[in-house]
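Notes for the one structure printed next.
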Amino acid sequence: MAWLKEDKINYVNIGLMGITAILSFLFPFETFLFAYAFLGPLHYLTEISWLHDRQYFAKGKYDFLILFIIGVFLSIAAFASDFNYDWQIYTAFVELNLFDKLLVFALFASILFALVKHIVVKLVAIAFLFVFVSGWLSPENAVENEQSTMVFALTSLVPTLIHVYLFTGLFMLYGALKARSKSGLWQMVGFVIIPLLLVFVAPVNPSNQTITPYGKNAYYANGNGFFMTNVSIMNHFELIDEQYMTNKQYIDSFVNKSASGFPVVEQKRINDSLKQSLDKPYIVENTSNSYYQQAIPLRFALPNGTKDYLWNSVFFSTVGLMLMRFIAFAYLYHYLNWFSKTEVIRWHKVPKLRFIAVIVLWLAAGGFYLYDYGLGLSVLFFLSFTHVLLEFPLNIVSVVGIGKEATQIFKHGFKPVKSDS
C-alpha cells in the first residue's frame, strides 16, 4: 500500500534525525553554530508569521501582546548588558530579578491565554499569578532558588533545551496521536532513542576532538555566547570534576608566586591562622559561606575563573562533549523538523509581501552572524527570545491535546484517521 503524505514526511524526519546525529557526533560545536545562525532566524520569522495567522493559539485576540511586551523588556535589558550600557532599566532588572520573574510569569500566564476566554477571570488570575511569581522568585529567596532544579529548569532550560527538544517532542506527539499515525509514533521513538545513542553510546574521545578556533571563539562570543549555557548546566547538575585549593597551594601560588601553573596575582594578606594551617583546606573566614572551613574550588580563586578554568571542561572534556552533542542535535533537528513539515503546517501560505519581508530579514540576520557571531546573537536576541515566548500558548495546547487524544485512544482504541491525500 502506498504511503500517505504524512507517513512519507514522518519517515523523512527519522532520516533527518540520523543525519543530525552524525553531524552532531562529528562537529558538535560547528553544527550548532551553523544551525543557530542560518536556520534559526528563518525559523523564528516563519513561525511568528504562522502563529500570528492563528492568533497565537490564545483565546483572547490581544493576549499575545503581554508576551510581546515581556520580550521587548527582556531584550532591552539583554542589549544593555551585552553592550555595557549604563541603563537604569538593566539595573532594575538585576536588582529585582526581573529576568527570571518575567520569563516564568509568561510561561504560567500562557496557560490562561490558551485555556481561558473570559477576560475578567483572566485578568484577575494574571494579577494573582504575578504576585505569586514575584514572591517566589524575589531576591530574598535567591540562595534557596539557586539550588532548585525546578527554578533552574524554568529560568535557564525553558528558553533553550526545553523549547527546542521537549516542546518540539510534545508538538510532534500531539500531531501523531491526533492523526492516529503509526509512522508518527515511530518518529517519536527515533526522537527519543537517537539522541540517547548519540550521547551515551557513541564513543567519546576528547583527545581526538577537533574544533576550529572560530568555533571556540564564536561559541564563547566574548562571554555572551552559549558557552555560559553549557557552564550553567554542568555546574547545576555537578557534572564538572572540581579541583580544590588547600592553604599551601594558595600561599605557594598566589602569595609566594611560585611556578605551579596558576596565574600570578597581587600579593594578598594572609592571616596568622592561615599560615599556621598550611596542610589544611583553605579556610573561608565568613561563617555563612558554604565553603567555610572547606577547600574552595580552584575556579573561585582564579582571575576570570569561569573562562580560564572551564574552557577545557566545555570544549574538551567527556561530559562537555556529550552535552554538546545533545545541544547540537536538539537545535538542528528542531529547525529541520519545522521546515520538513512545510506542507503540513503550511507556514509558507502567507501574503507575498510578508514572505518577501521574511526573506529580506533572514538574509540580514545571516549577515550579522557572518560579520561577527557575538553581534548576531545580541542583535537577534529579541527575535529568538520573543518567538519562544509567543509559542508558549501553543505548547500548552499541545500538552492539553495530548491528554485529550490519549483519553480517546484509551476509550476507543488506536483507529487510524483516513486521509484525503
Output the residues belonging to the stretch 135-148 that are among the small types (Gly, Ala, Ser), part of a helix (DSSP H, G or I) and either touching a helix residue (DSSP H, G or I) at 6+ places or on another chain (Cβ under 6 Å) or more than 22 Å from Phe237 (Cα to Cα) (or both). Gly135
Please state which of the following conditions Phe191 fails to meet, knowing it meets all the rest: (1) in a helix (DSSP H, G or I); (2) modelled with pLDDT under 95. (2)
Unmet requirement for Ala406, which otherwise passes all of (1) at pLDDT 95 or above; (2) surrounded by 14 or more Cβ atoms within 10 Å (Cβ to Cβ): (2)
Asp63 being within 30 Å of Phe130 (Cβ to Cβ), surrounded by 20 or more Cβ atoms within 10 Å (Cβ to Cβ) and modelled with pLDDT of 95 or more: yes
Quick test for you: out of Phe113, Phe105, Phe132, pick the one residue that is over 22 Å from the mean Cα position of the chain (by Cα) and either free of Cβ contacts under 8 Å to residues at least 40 places away in the same chain or outside any helix (DSSP H, G or I) (or both). Phe132
Members of the stretch 49-102 found to be under 23 Å from the mean Cα position of the chain (by Cα) and small (Gly, Ala, Ser), listed by number: Ser49, Gly71, Ser75, Ala77, Ala78, Ala80, Ser81
Write out, first by first residue and then by second, each pair whose Cβ atoms fall under 7 Å of each other, whose residues are 6+ apart or on separate chains, and whose first residue, in the stretch 339-361, is farther than 23 Å from Ile14 by Cβ while the second is surrounded by 14 or more Cβ atoms within 10 Å (Cβ to Cβ). Val350/Ser49; Arg354/Ser49; Val358/Leu45; Val358/Thr46; Val358/Ser49; Leu361/Leu45
Does any residue of the stretch 206-218 turn out to be within 17 Å of Ala330 (Cα to Cα) and in contact (Cβ under 8 Å) with a residue 60 or more places away in the chain? no
Considering the stretch 198-248, residues that are among the β-branched types (Val, Ile, Thr) and outside any helix (DSSP H, G or I), and then whichever is modelled with the lowest pLDDT, we arrive at Thr246
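Let me confirm something: among Ala114, Ala109, Ala176, which residue is in contact with a Phe, Trp or Tyr (Cβ under 7 Å, 6 or more places away or on another chain) and buried (at least 20 other Cβ atoms within 10 Å of the Cβ)?
Ala114
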So, in the stretch 369-419, of the ones that are in a helix (DSSP H, G or I) and acidic (Asp, Glu), which residue ends up farthest from Phe226 (Cα to Cα)? Glu405
Val131, sole failed condition from (1) of a type in the set (Val, Ile, Thr); (2) more than 21 Å from Asn395 (Cα to Cα); (3) crowded, with 19+ Cβ neighbours inside 10 Å: (3)
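From the list Leu157, Leu137, Leu166, Leu170, which residue is surrounded by 17 or more Cβ atoms within 10 Å (Cβ to Cβ), hydrophobic (A, V, I, L, M, F, W, C) and within 16 Å of the chain's Cα centre (by Cα)? Break it down stepwise before answering.
On the way: Leu137 fails: within 16 Å of the chain's Cα centre (by Cα); Leu166 fails: surrounded by 17 or more Cβ atoms within 10 Å (Cβ to Cβ); Leu170 fails: within 16 Å of the chain's Cα centre (by Cα).
It is Leu157.
Does Ala80 qualify as being closer than 24 Å to Asn230 by Cα and surrounded by 19 or more Cβ atoms within 10 Å (Cβ to Cβ)?
Numbers: closer than 24 Å to Asn230 by Cα: yes; surrounded by 19 or more Cβ atoms within 10 Å (Cβ to Cβ): no.
Taking the combined requirement at face value, the residue does not satisfy it.
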Would you be able to say whether some residue in the stretch 330-347 is within 20 Å of Leu239 (Cα to Cα) and either assigned to a helix (DSSP H, G or I) or modelled with pLDDT of 95 or more (or both)? yes
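Give the residue, chosen from Leu380, Leu323, Leu389, that is in contact with a Gly (Cβ under 6 Å, 6 or more places away or on another chain) and crowded, with 18+ Cβ neighbours inside 10 Å. Break it down stepwise before answering.
Values: Leu380 fails: in contact with a Gly (Cβ under 6 Å, 6 or more places away or on another chain); Leu323 fails: in contact with a Gly (Cβ under 6 Å, 6 or more places away or on another chain).
Matching residue, one of Leu380, Leu323, Leu389: Leu389.
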Look at Ala80 and say whether it is out of contact with any Gly (no Cβ under 6 Å at 6 or more places or on another chain), within 24 Å of Tyr335 (Cα to Cα) and small (Gly, Ala, Ser). no
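The values are calculated or read from the model by the stated rules, or taken from the named source; none is laboratory data. Predicted, not measured: the structure shown is a model, and the values here were computed from it. Note: ideal-geometry Cβ built from the backbone for every residue, glycine included; neighbour counts use all protein chains shown.
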